[in-house]
Amino acid sequence: MRHSREGGNPQPEQLHKEHTMFQTILSCVATTLLLASSAFAHPDAAHVDVEGAWVRATVAGQSGTGGFMKLTAHEDLRLVGLTTPVAAIAEVHEMKMGANNVMEMRAVSGLGLPKGKAVELKPGGYHLMLMNLKQPLAKGSTVPVTLLFQDAKGTQSRLQVTLPVELAPVQGTGAKPAQHRHAH
Ligand SMILES: [Cu+2]
C-alpha cells in the first residue's frame, strides 16, 4: 500500500527498493542455494557466487585472522574491499613466498575475478584479512562480511555474506562433488 506523508512527497523509494530486492533474489537464487542459510543477498548484490566460505577461529589475545572462500563472478569484476563489524580493519591480502623463503603478506588494492572463473581465497594465498578484532572469534559462531566489488567501468556493488567460524577449511558445503579439491 502506498501513502503520502502530509505535505510530503510520495515514497517511490520504498517501492523501488522492494522491486530491486525481488530482482536480486531471482537472479541470485544460485548463490543463495549454494550458501544455504549462511548468507543472504543485499539489494544491490554483486553477481558473484560464493562457495566454501569460512573465517579461521581465534584464540584469546589474537587480534587478527583470515577469511577464505571461492568466488565466481558472473561478469568481470574486482574484489576491492570488505567491511565487517567484528574488525576495525579489513583488507584483501595476498600471501606468497618472499625473500629468504619467508612467507610474506601484503594488502592488495584489488583481486581480479574474471567472468565465470572460480578464484580461490585460501590459506597461503589470497585471503580476507580481519585485523584489530573487537572480539575473539569462536568456532561455531558466524561473522557477517560485506564484500565490495568493482566492474571495469568503476561501478561498485556489494555482497553481504555470513561466514561460519571454523578451525579448518569447510568440507562438503554444498559445492558440486566434481569440484572436490585434492590436497597435496
Ligand atoms: Cu593477511
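Over 22 Å apart at the Cα level, from the set Lys96/Lys153; Lys96/Lys122; Lys70/Lys96, are Lys96/Lys153.
The overall shape of segment 88-156 is oblate: from the C-alpha gyration tensor, with semi-axes ordered a ≥ b ≥ c, the ratio a/c is 1.5 or greater and a/b is no larger than b/c.
Rule-based calculations on the coordinates, nothing more; no lab input. Remember, it's a predicted structure, so these values are computed and weren't measured experimentally.
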